[in-house]
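Notes for the one structure printed next.
The values are calculated or read from the model by the stated rules, or taken from the named source; none is laboratory data. Everything numeric in this text was worked out from a predicted model, so none of it was measured. Cβ: placed from backbone, ideal geometry, glycine included. Neighbour counts: every protein chain shown. What goes into the accessible areas is simple: the full protein's heavy atoms, side chains included, and nothing from ligands, DNA or RNA. Shrake-Rupley method; radii C 1.70, N 1.55, O 1.52, S 1.80 Å.
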Amino acid sequence: MDSVDDISSTKQRRSTTLVLVVIAVAIVGGFTIGILIGRFATCPDEENAKYKKSVKEADSTITDLLMQSISAENIEVNLKHLTQSPHIAGRDRDFELVAYLKSKFTEYGLDSVKSTPYQVLLSYPDNENPNTVLIVNNTGGETIVFDSTSTESNVSQLEGVIRPFLAYSPSGVVNVSVSTDGSPEC
């Protein structure tokens, strides 16, 4: 009886080994075919020839001219102008900066300068009903632990500064309780 079981288990091991070998050969063969198709399916010489026709060697005089015309002082002046007041997308200051950049690009000699208007859904904070963040301790009364400030000392005095807000989010109240082990429970 043992010899019949031994013969049966030996046949089973051989068939399992054979299946694994066939799967391994199929995987290696698949990768090999994929690599060969990827290598020989395109004609890289034709693509390189088209690319080389469209790209010329860099003209060193143009590179030198660009490097000479860039200066730290010009960068500083432009950045000061662009960042002197807040410019939220879609607001008046943003459009003023577009006009400024168009005039500068034209002044610098660009042939064609265009600005393209887009219709985009933008979210702005509600100045009448501003959002606030309060952290309240409900144990033994409602003690305010944290209250978000409506002003920031370093920028709130500037004209056009708006309060921080979370765009595209509805107003609401989130209640989170803390369990006795300190983990939050919503």
**Study point:** Per-pair calculated FRET efficiency, R0 = 25 Å: I162 and Q84 via Cβ, rounded to 0.05
**Key:** 0.95
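Per residue, what accessible area does the range 79-151 have, given a 1.4 Å probe and all protein chains present, in Å²?
Values: 6130 Å² over 73 residues.
Spelled out: the 1.4 Å probe surface of the range 79-151, per residue, equals 84 Å².
For the range 70-138, with all protein chains present and a 1.4 Å probe, just round the carbon and sulfur fraction of the accessible area to a whole percent. Could the numbers behind the result be given before it?
Numbers: 3170 of 5740 Å².
Of all accessible area on the range 70-138, carbon and sulfur atoms account for 55 percent.
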Study note, to complete from the structure: Sorted list, accessible surface of protein heavy atoms, 1.4 Å probe, largest first, for Y124, Y118, Y168, Y100 is Y118, Y168, Y124, Y100
Revision key, fill the gap. Here, Y108 and N137, labelled 7 Å along Cα→Cβ, have an inter-label distance in nm of 5.6
